[in-house]
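A.B. asks: Here you go, one structure.
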Amino acid sequence: MGTRVGIDVGGTFTDLIYVTSDGEVVLDKTPTTPDDQSTGVMTGLGQLADRFGVSLSEFCAGLDIVVHGTTTADNTMIEMNGSPTGLLTTKGHRDEIELRRGFKEQIWDPAFPPPSPIARRRARIAIPERLDFEGEVVQPLDEDAVRRGVQRLRTLGARSIAVVFLFSFVNPAHERRAAEIIREEFPDVENISLSHEVMPRGPEFERTSTTLVNAYVAPRIASYVTHLQEKLRATGFGGPLLIMQSTGGVMPPDYVSRRAVTLLASGPTGGVMGSALAASRAGVSDFVTMDMGGTSFDVCLVRDDKPEIKTDWNWRYRYYIGLPMVDVESVGAGGGSIARVSQGTLLVGPESAGSQPGPVCYGRGGTRPRSPTPTRCSAISPPKVSQPGE
Amino acid sequence: MRADLEALGRPRPQLSGGASVDPVTAEVIRGAMETISFEMAVYVSRTATTPILNQSNERNASILDRNGRYAAVSVGVPQLMLSSSLPVRFAVEYYGDDIHPGDVFLANDPYHGGGHLPDYNVFAPVFAEGRRVLMASIQCHHGDTGGSVPGGYNVTVKDVWGEGLRVPVMKVSDRGSERRDVLDMLAANNRSAGYLGDLRAQMGAADLGAARLGEILERFGADTVEAAVDSFIDSTKRRFREEVARWPDGTYEADVFVDHDPWANPDIHIHVAATVDGDRLKIDFTGTDSRDDLQAWSSYGNTRCYTASQIAAITSPEIPKNEGFFEAIELVVPEGCVLNPAFGKPVSAGTHHPGTEVGEAVALALAQVAPERAVPQVYKTGIPTIMVGKDPRTGESFTDHSAEVHAGYCGAAKGVDGWGMQNASFGNLWKATSEINESIFPSIQWERDYRTDSGGPGQWRGLCGAHYVKETRVPCKVYTYVVGMKYPIPGIAGGKPGAPNKLTIRDGSDDPFVVAHTADWVPMEAGQRTCYDYGGGGGWGDPLDRDPQAVLDDVLDEYVSVEGAERDYGVVLTGSLEELTLAIDEKATEELRERQRAASVGEGL
């Protein structure tokens with residue numbers, strides 16, 4: 001077994017784990033650099049090199065493999081600052097992403113707002129074409145409509161295009177032909193996400209949502225990963241760079257743009273997979289992993305050494321991701337979550353104190369208690385609950 | 001055998017004799033109950049055999065206490081979910097001491113507390129320390145109920161017996177053993193091949209809920225759980241009353257209408273008076289239509305839950321949903337009116353109309369005191385459009401309930417345009433898509449996009465309805481009932497109504513059938529199409545107060561046309577939508593809005 005480095009870029013810290021050829025494990029960490037995460041990664045690698053008294057180039061040249069978990073996809077969805085994205089879709093089915101099969105997260109609240117749009121209605125272009133459930137052509141692809149649609153999306157400023165035609169997972173011919181036309185009409189498009197490649201199955205809402213998220217996050221991730229790979233190559237690293245996926249597996253950088261969506265929860269998934277490996281070596285097969293950050297608390301159930309893999313109902317940032325994901329449940333109750341009393345009920349999170357000024361127990365001017373503190377400080381008193389007979 | 005429904009609806013005693021529980025433990029128990037409800041509902045989705053349950057999620061779980069009070073509800077459709085308490089109460093009174101661990105009960109009869117026959121209530125008791133403490137309840141809409149018409153909706157039959165098999169209450173499992181004789185009798189009275197699979201999914205969910213609740217009781221003890229249930233019901237009642245106390249005292253009335261019943265009797269009238277008196281709220285439907293020859297009857301249980309679910313939507317969404325709402329609302333529904341029918345009236349379509357008009361009327365009345373969230377959480381469809389034929393792929397006959405994605409009737413609230421597909425109170429339904437239903441049924445869905453200009457104009461715009469075109473690939477027959485053509489969904493606080501419905505069967509052929517009230521097995525040939533323009537949601541607030549930039553965005557997104565922007569919002573645009581060069585003519589907009597404001601003075605007086 002050669003030497004390996006695992007790198008997890010979190011919201012606050014970039015964590016590194018170095019495994020030497022004889023199995024020794026060295027841990028290190030450095031602050032995350034949000035503007036360009038690769039800066040922090042290279043700083044961390046430099047720190048590791050220093051520990052062994054070698055130069056960064058010598059250290060990297062000696063590495064056999066680098067595995068990387070990144071929050072880039074999650075940050076893109078949190079900030080909704082992905083690539084301007086358009087959608088080409090079967091005529092008559094332009095609104096699937098808004099209809100959401102009728103689902104709303106809050107069933108009791110008529111004023112609950114919609115999710116932030118990835119492609120507004122004007123950027124969702126209806127294309128005359130239709131296949132039936134067996135993939136037979138009921139209506140041929142209107143190629144001129146595809147050309148006009150691509151030009152309209154360019155005018156609107158789109159940089160990335162998702163293509164979702166009904167039953168394309170049975171017969172991808174129309175989506176493939178549309179991709180050819182997009183490349184002719186828009187040679188410098190940043191990403192083309194074809195639904196039958198991103199999620200080769202029905203139904204269309206799930207596939208549309210997954211494909212749109214892919215198109216939206218792919219350019220930023222692809223450029224980050226390419227950039228990181230170049231930096232690593234420049235140091236003399238010759239081995240493979242592998243990116244952690246939410247399925248629990250890894251993928252090479254040139255696969256990222258086609259399946260960028262699987263990088264959501266890349267970091268927490270790496271933590272679960274590592275925990276499962278470590279616990280298994282320690283002879284523990286059934287356990288719960290817990291990862292407490294500043295704003296969230298991530299939990300995963302592991303049974304028989306295997307983390308739970310969830311194959312449906314994976315919602316992330318109010319979009320449906322129709323691909324298998326390690327079932328990391330995230331609650332908005334991390335170390336910095338604010339505790340409060342609302343109409344007599346004690347609630348924790350999801351609002352977080354952050355690190356400046358932080359919760360009251362930091363003593364830096366914060367006034368509100370964070371999650372573990374109510375039991376220790378008297379910032380709140382237990383609410384009165386009416387009893388029968390009162 | 002008959003039940004006194006109003007007596008069943010009256011408040012039930014608390015559980016504990018004054019035991020106390022700390023608020024954190026109570027909250028943990030409440031959270032566990034909501035999680036158990038969720039697990040029961042998911043269990044049905046994963047094990048049921050027909051699409052209405054395993055795809056569309058038309059199932060609701062709730063936890064009740066031994067007296068039939070809601071302790072917790074979780075996912076589901078509120079106005080259905082909240083109709084499961086009266087059947088449980090009837091069962092508790094009917095069986096008395098003859099309720100044992102391992103029993104599972106079934107009830108669906110609207111004259112014993114149910115909503116309508118397709119909604120099966122299945123529930124199991126939970127015992128601890130020698131006494132019955134809780135009841136785990138799961139409710140599912142079944143695709144058939146027996147009777148003379150497939151699909152569970154016989155909208156023209158003259159009485160409830162013609163609608164299908166009535167079950168006041170019976171045991172489907174007795175002390176852990178499935179009653180084979182009972183299940184076989186039920187199955188013999190049902191057309192659906194998947195019926196028993198669905199029923200067993202429901203029974204399994206009730207067993208699962210009972211087992212999980214048993215674990216909670218074991219962990220915390222019966223005394224603590226009972227005190228917790230009392231405390232959170234009490235807390236909800238208190239929080240609800242705090243909101244009511246902020247509303248000005250007075251009586252607020254509303255009148256709404258259903259276009260017609262399936263026999264074309266016109267203008268079915270719902271009248272409500274909501275009286276706020278300090279922290280007390282009375283909802284009184286006296287004055288509602290009671291013509292005996294009508295064919296539109298909402299069962300008492302259905303009326304009661306539509307009232308509570310609409311009021312829950314108007315008050316803070318943070319208030320936990322439980323019996324506290326029912327205990328805090330005084331409900332008056334005169335017997336014999338369409339919202340509390342005389343014994344034996346048919347009610348299958350009444351859960352829809354005049355059922356949804358209950359919510360609409362309550363929303364319009366309370367919009368006078370709490371307009372921000374007084375959005376009718378309803379729809380105006382009639383009944384689902386049912387297509388029946390023989391599928392050449394299987395040689396079997398099919399019943400397509402058209403339970404597919406189509407937008408409609410979703411109103412705006414203050415600060416939020418109508419969005420998605422339907423109102424929040426249907427948020428748990430998970431509608432089938434083209435790729436699902438075209439694999440099951442021999443049809444093609446050509447269109448179901450939003451229909452431009454169909455959303456009710458307002459400062460916040462109602463959601464557009466769908467333009468829905470479906471082609472049958474085999475000969476079939478269509479059965480339906482359509483309303484919302486004369487009386488569409490209203491706007492709130494000066495908002496305008498959504499566009500009306502229009503359904504055309506055999507659209508585009510030389511023999512189109514425009515549905516005036518019902519379609520009684522209208523035949524279609526292979527290749528013919530139905531076109532359903534679904535109604536829009538109502539607007540909120542004066543459309544002349546809508547931000548012109550939001551109107552421009554709506555035009556770019558084709559929710560609103562250039563003409564609609566001028567006509568409905570007083571916003572004048574220059575440039576071309578096609579060329580993406582639209583811009584607001586601010587001066588012309590200001591002038592037009594001024595003229596429109598002047599013209600509307602006195603409107604409605």
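A.B. asks: Give just the number: which of (1) touching a strand residue (DSSP E or B) at 6+ places or on another chain (Cβ under 7 Å); (2) at the interface with chain B (Cβ under 7 Å from one of its Cβ atoms); (3) outside any loop (DSSP other than H, G, I, E, B); (4) surrounded by 18 or more Cβ atoms within 10 Å (Cβ to Cβ) does A:MET77 not satisfy?
C.D. replies: Failing condition for A:MET77: (2).
This table checks each residue for (1) in contact (Cβ under 8 Å) with a residue 24 or more places away in the chain; (2) more than 10 Å from every other protein chain (Cβ to nearest Cβ).
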residue	(1), (2)
A:THR85	yes, yes
A:HIS93	yes, no
A:ILE97	yes, yes
A:GLY102	no, no
A:ARG120	no, no
A:PHE133	yes, no
A:GLU143	yes, yes
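A.B. asks: A follow-up question, please. In this structure, does B:VAL358 turn out to be in a helix (DSSP H, G or I), closer than 17 Å to B:HIS116 by Cα and in contact with a Phe, Trp or Tyr (Cβ under 8 Å, 6 or more places away or on another chain)? Please lay out each step first, then the result.
C.D. replies: Details: in a helix (DSSP H, G or I): yes; closer than 17 Å to B:HIS116 by Cα: yes; in contact with a Phe, Trp or Tyr (Cβ under 8 Å, 6 or more places away or on another chain): yes.
Criteria met by B:VAL358.
A.B. asks: Could you please let me know if A:TYR216 is farther than 21 Å from A:GLY322 by Cα, touching a Ser or Thr at 6+ places or on another chain (Cβ under 7 Å) and among the hydroxyl-bearing types (Ser, Thr, Tyr)?
C.D. replies: Details: farther than 21 Å from A:GLY322 by Cα: no; touching a Ser or Thr at 6+ places or on another chain (Cβ under 7 Å): yes; among the hydroxyl-bearing types (Ser, Thr, Tyr): yes.
The answer is no for A:TYR216.
A.B. asks: Then there's this: How about the range B:438-493: which of its residues are out of contact with any His (no Cβ under 9 Å at 6 or more places or on another chain), over 28 Å from A:SER168 (Cβ atoms), more than 14 Å from chain A (Cβ to nearest Cβ) and not in a loop (DSSP other than H, G, I, E, B)?
C.D. replies: B:LYS477, B:VAL478, B:TYR479, B:THR480
A.B. asks: Residues that are buried (at least 24 other Cβ atoms within 10 Å of the Cβ) and assigned to a helix (DSSP H, G or I): does the range A:193-200 have at least one?
C.D. replies: Looking for residues that are buried (at least 24 other Cβ atoms within 10 Å of the Cβ) and assigned to a helix (DSSP H, G or I), one finds at least one in the range A:193-200, hence yes.
A.B. asks: Within the range A:222-234, identify whether any single residue is at pLDDT 95 or above and within 14 Å of chain B (Cβ to nearest Cβ), and answer yes or no.
C.D. replies: Scanning the range A:222-234, I find no residue that is at pLDDT 95 or above and within 14 Å of chain B (Cβ to nearest Cβ), so the answer is no.
A.B. asks: Looking only at the range B:53-102, which residues are away from chain A (no Cβ under 13 Å), β-branched (Val, Ile, Thr) and under 18 Å from the mean Cα position of the chain (by Cα)?
C.D. replies: Within the range B:53-102, none qualify.
A.B. asks: Would you confirm, using the coordinates I've provided, whether B:GLU323 is in contact with an Asp or Glu (Cβ under 9 Å, 6 or more places away or on another chain), surrounded by 22 or more Cβ atoms within 10 Å (Cβ to Cβ) and away from every other protein chain (no Cβ under 12 Å)? Full working, then the answer.
C.D. replies: Values: in contact with an Asp or Glu (Cβ under 9 Å, 6 or more places away or on another chain): yes; surrounded by 22 or more Cβ atoms within 10 Å (Cβ to Cβ): yes; away from every other protein chain (no Cβ under 12 Å): yes.
Yes.
A.B. asks: If you don't mind, another one. Grab the strands (runs of 3 or more DSSP E) fully contained in the range B:213-300, keeping just those with 1 or more residues being in the same structural domain as B:LYS486 (by TED's automatic domain parsing) and at negative phi. Give the derivation first.
C.D. replies: Numbers: elements: B:250-260, B:266-277, B:280-284.
Answer list for the range B:213-300: none.
Residue-by-condition table, conditions (1) within 14 Å of chain A (Cβ to nearest Cβ); (2) small (Gly, Ala, Ser):
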site: B:PHE220; (1), (2): no, no
site: B:GLU243; (1), (2): yes, no
site: B:GLU253; (1), (2): no, no
site: B:ALA264; (1), (2): no, yes
site: B:ILE270; (1), (2): no, no
site: B:LYS282; (1), (2): no, no
site: B:CYS305; (1), (2): yes, no
site: B:ALA328; (1), (2): yes, yes
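A.B. asks: Under the condition of being within 21 Å of B:ALA72 (Cα to Cα) and among the β-branched types (Val, Ile, Thr), which residue from the range B:170-226 is surrounded by the fewest Cβ atoms within 10 Å (Cβ to Cβ)?
C.D. replies: B:THR224
A.B. asks: Another question about this same structure. Of the conditions (1) outside the structural domain of A:SER38 (by TED's automatic domain parsing); (2) over 22 Å from the mean Cα position of the chain (by Cα); (3) outside any loop (DSSP other than H, G, I, E, B), A:ALA234 clears all except one; give me its number.
C.D. replies: Only one criterion in (1) outside the structural domain of A:SER38 (by TED's automatic domain parsing); (2) over 22 Å from the mean Cα position of the chain (by Cα); (3) outside any loop (DSSP other than H, G, I, E, B) is unmet by A:ALA234, namely (1).
A.B. asks: Kindly check whether there is at least one residue in the range B:492-499 that is under 19 Å from B:TYR468 (Cα atoms), of a type outside the set (Ser, Thr, Tyr) and in the same structural domain as B:PRO384 (by TED's automatic domain parsing). Steps first, please.
C.D. replies: As a first pass, look at the range B:492-499 and keep what is under 19 Å from B:TYR468 (Cα atoms): B:498-499.
From the residues that got through so far, the ones that are of a type outside the set (Ser, Thr, Tyr) too are B:498-499.
Pick out the ones that are also in the same structural domain as B:PRO384 (by TED's automatic domain parsing) and you get B:498-499.
Taking every residue of the range B:492-499 in turn, at least one turns out to be under 19 Å from B:TYR468 (Cα atoms), of a type outside the set (Ser, Thr, Tyr) and in the same structural domain as B:PRO384 (by TED's automatic domain parsing).
A.B. asks: Out of (1) surrounded by fewer than 22 Cβ atoms within 10 Å (Cβ to Cβ); (2) over 14 Å from the mean Cα position of the chain (by Cα); (3) not β-branched (Val, Ile, Thr), what's the single condition that is false for B:PRO384?
C.D. replies: Exception for B:PRO384: condition (2).
A.B. asks: Right, something else. Please work out which one of (1) closer than 30 Å to B:ASP234 by Cβ; (2) free of Cβ contacts under 8 Å to residues at least 24 places away in the same chain; (3) of a type outside the set (D, E, K, R) is the condition B:SER148 fails and give its number.
C.D. replies: All conditions are met except number (1).
A.B. asks: Ok, one more. Just for the range A:256-295: of the residues that are buried (at least 23 other Cβ atoms within 10 Å of the Cβ) and among the small types (Gly, Ala, Ser), which one is nearest to A:ARG316 (Cα to Cα)?
C.D. replies: In this case the residue turns out to be A:ALA265.
A.B. asks: In the set A:GLY23, A:GLY10, A:GLY46, A:GLY53, which member is modelled with pLDDT under 90 and surrounded by fewer than 18 Cβ atoms within 10 Å (Cβ to Cβ)? Before the answer, list the steps.
C.D. replies: Numbers: A:GLY10 fails: surrounded by fewer than 18 Cβ atoms within 10 Å (Cβ to Cβ); A:GLY46 fails: modelled with pLDDT under 90; A:GLY53 fails: modelled with pLDDT under 90.
The unique qualifying residue is A:GLY23.
A.B. asks: Output the number of residues of the range B:408-424 satisfying the condition of being out of contact with any helix residue (DSSP H, G or I) (no Cβ under 6 Å at 6 or more places or on another chain), under 24 Å from A:HIS93 (Cβ atoms) and at the interface with chain A (Cβ under 7 Å from one of its Cβ atoms). Give the steps one after another, and end with the answer.
C.D. replies: Just the residues of the range B:408-424 that are out of contact with any helix residue (DSSP H, G or I) (no Cβ under 6 Å at 6 or more places or on another chain), to begin with: B:408-412, B:415-419, B:423-424.
Next, only the ones that are under 24 Å from A:HIS93 (Cβ atoms) stay: B:408-410, B:417-419, B:423-424.
From the residues that got through so far, the ones that are at the interface with chain A (Cβ under 7 Å from one of its Cβ atoms) too are B:419, B:423-424.
The number of residues fulfilling the criteria is 3.
A.B. asks: Please verify whether B:ASP400 is within 25 Å of A:ASP132 (Cα to Cα) and away from chain A (no Cβ under 12 Å), treating the condition exactly as stated. Steps first, please.
C.D. replies: Numbers: within 25 Å of A:ASP132 (Cα to Cα): yes; away from chain A (no Cβ under 12 Å): yes.
Yes, satisfied.
A.B. asks: Sticking with this one: Would you say B:THR156 is buried (at least 24 other Cβ atoms within 10 Å of the Cβ), assigned to a loop (DSSP other than H, G, I, E, B) and either assigned by TED's automatic domain parsing to the domain that holds B:ALA91 or touching a helix residue (DSSP H, G or I) at 6+ places or on another chain (Cβ under 6 Å) (or both)? Break it down into steps so the answer makes sense when it comes.
C.D. replies: Details: buried (at least 24 other Cβ atoms within 10 Å of the Cβ): no; assigned to a loop (DSSP other than H, G, I, E, B): yes; either assigned by TED's automatic domain parsing to the domain that holds B:ALA91 or touching a helix residue (DSSP H, G or I) at 6+ places or on another chain (Cβ under 6 Å) (or both): yes.
Against the criterion (buried (at least 24 other Cβ atoms within 10 Å of the Cβ), assigned to a loop (DSSP other than H, G, I, E, B) and either assigned by TED's automatic domain parsing to the domain that holds B:ALA91 or touching a helix residue (DSSP H, G or I) at 6+ places or on another chain (Cβ under 6 Å) (or both)), B:THR156 does not qualify.
A.B. asks: Can I ask one more? Any idea which residue in the range B:427-437 is surrounded by the most Cβ atoms within 10 Å (Cβ to Cβ), counting only those that are within 7 Å of chain A (Cβ to nearest Cβ) and out of contact with any helix residue (DSSP H, G or I) (no Cβ under 6 Å at 6 or more places or on another chain)?
C.D. replies: Applying the first criterion (within 7 Å of chain A (Cβ to nearest Cβ)) to the range B:427-437 yields B:427-431, B:433-436.
This time we only want the ones that are out of contact with any helix residue (DSSP H, G or I) (no Cβ under 6 Å at 6 or more places or on another chain), so: B:427-428, B:434, B:436.
Values: B:GLY427: 24, B:ASN428: 24, B:SER434: 27, B:ILE436: 22.
The qualifying residue surrounded by the most Cβ atoms within 10 Å (Cβ to Cβ) is B:SER434.
A.B. asks: Give the residue that is nearest to the chain's Cα centre (by Cα), with candidates limited to residues of the range A:80-103 that are of a type in the set (A, V, I, L, M) and assigned to a helix (DSSP H, G or I).
C.D. replies: Quick first cut of the range A:80-103, residues of a type in the set (A, V, I, L, M) only: A:80, A:87-88, A:97, A:99.
Retained after the next criterion (residues that are assigned to a helix (DSSP H, G or I)): A:97, A:99.
Working: A:ILE97: 19, A:LEU99: 23 Å.
Among residues in the range A:80-103 that are of a type in the set (A, V, I, L, M) and assigned to a helix (DSSP H, G or I), the one nearest to the chain's Cα centre (by Cα) is A:ILE97.
A.B. asks: A:LEU63 fails exactly one of the following numbered conditions: (1) surrounded by 15 or more Cβ atoms within 10 Å (Cβ to Cβ); (2) in the same structural domain as A:ASP188 (by TED's automatic domain parsing); (3) assigned to a loop (DSSP other than H, G, I, E, B). What is the number of that condition?
C.D. replies: Status for A:LEU63: all satisfied but (2).
A.B. asks: What number of residues in the range B:209-218 are farther than 17 Å from B:SER137 by Cβ and either within 14 Å of chain A (Cβ to nearest Cβ) or touching a residue at least 40 places away in the same chain (Cβ under 8 Å) (or both)?
C.D. replies: Going residue by residue through the range B:209-218, those that are farther than 17 Å from B:SER137 by Cβ are B:215, B:218.
Next cut, either within 14 Å of chain A (Cβ to nearest Cβ) or touching a residue at least 40 places away in the same chain (Cβ under 8 Å) (or both) only: B:218.
The qualifying residues number 1.
A.B. asks: From the list A:SER160, A:SER168, which one is within 30 Å of the chain's Cα centre (by Cα), crowded, with 23+ Cβ neighbours inside 10 Å and within 14 Å of chain B (Cβ to nearest Cβ)?
C.D. replies: Numbers: A:SER160 fails: within 14 Å of chain B (Cβ to nearest Cβ).
Matching residue, one of A:SER160, A:SER168: A:SER168.
The values are calculated or read from the model by the stated rules, or taken from the named source; none is laboratory data. Just so we're clear, the structure is a prediction, and the values are computed from it rather than from any experiment. Here Cβ is always computed from backbone atoms with ideal geometry, including for glycine, and neighbour counts include all displayed protein chains.
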